[in-house]
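First comes the structure, then the notes that go with it.
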Amino acid sequence: MCAIQQVRWCSGLPGEPMQYPMRPSMQGNAHQRGLSLVELMVGITVGLFVVAAATALVTSQLTENRRLLLETQLQQDLRASADIITRELRRSGSWAAANETLWYPGSAADPSMNPFSSITVAGDQVDFSYQRSAGNEGPYGFRLSSSGVIQTRLAGAGWQDLTDGNVMDVSGLDIVLTATQSERIPCPRVCDDDGSTACWPQAEARTLQLTISARSRTDPTVTRDLTTAVRLRNDRLISNNGASLCP
């Protein structure tokens, strides 16, 4: 039979179940519930890092998406403005009057000087005219205002804004005129008895190169440049015979 102080360590008493001693490790873990404070703090720290990384990624994506929208809007506005300017410049020198004398090689009639053929380029401004209808000949033109807006000249209506200053700030409007003269255009008569043709007129083909530089009003770092070339449909006749084209 076991001693009384050892009763929990053996089965010496009749009718009692056998009991075993509890290990120290089991005694210490019997009262633990959930995570410790250190484990909880470590978990919170890792979670904060994950949230910060996700927030930075979302912010970067939103910023890039906003910049892409601004670039697209700026490009579209530039293209729309350039298309309007190009379409108008092509018409420069158009003479629609039906009662004017037309001339072609071999014609016995003298050619007439086109009163709308002149076009003037001065820095960031271009002025021209053409006959839309009788009594509606311009003048027309385009220029860059000091407020960063491209303006169009509508004859008697004066200068009107073409671009939206709240969306686009135009920093540059560069217009370059290139003219190429042709060979002498035959006239019905020669210049003198020697058969000289030096007084015969020449046709001048004209091309305008247009460059627009602009930036977004919302984000000045968003900039775009657009360059286009315009071939004027109406060539200009150059007189080499004073006031008249042919002798």
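All of the numbers you see were taken from the coordinates with simple rules; none came from a lab. Predicted model only: the values in this text are computed from it and were never measured. Here the Cβ positions follow ideal geometry from the backbone for every residue, glycine too, while neighbour counts run over all protein chains shown.
Out of the residues in the stretch 162-180 that are exposed (fewer than 13 other Cβ atoms within 10 Å of the Cβ) and under 25 Å from S94 (Cβ atoms), which is nearest to the chain's Cα centre (by Cα)?
Selected residue: V176.
Could you check the stretch 168-247 for strands (runs of 3 or more DSSP E) lying wholly inside it with 2 or more residues that are closer than 20 Å to R143 by Cβ?
Strands (runs of 3 or more DSSP E) meeting the threshold: 168-184, 202-216, 223-231.
When the residues of the stretch 114-144 are narrowed to those that are free of Cβ contacts under 8 Å to residues at least 40 places away in the same chain, among the aliphatic types (A, V, I, L, M) and part of a strand (DSSP E or B), which ends up nearest to R231 (Cα to Cα)?
A122
Scanning for something within 17 Å of the chain's Cα centre (by Cα) and surrounded by 14 or more Cβ atoms within 10 Å (Cβ to Cβ), does the stretch 236-246 turn up at least one residue?
No, the stretch 236-246 contains no residue that is within 17 Å of the chain's Cα centre (by Cα) and surrounded by 14 or more Cβ atoms within 10 Å (Cβ to Cβ).
Taking S129 as the residue in question, decide whether it is over 24 Å from the mean Cα position of the chain (by Cα), surrounded by fewer than 19 Cβ atoms within 10 Å (Cβ to Cβ) and of a type outside the set (A, V, I, L, M). Even if it seems obvious, please write down each step before you answer.
Values: over 24 Å from the mean Cα position of the chain (by Cα): yes; surrounded by fewer than 19 Cβ atoms within 10 Å (Cβ to Cβ): no; of a type outside the set (A, V, I, L, M): yes.
Spelling it out, it is not the case that S129 is over 24 Å from the mean Cα position of the chain (by Cα), surrounded by fewer than 19 Cβ atoms within 10 Å (Cβ to Cβ) and of a type outside the set (A, V, I, L, M).
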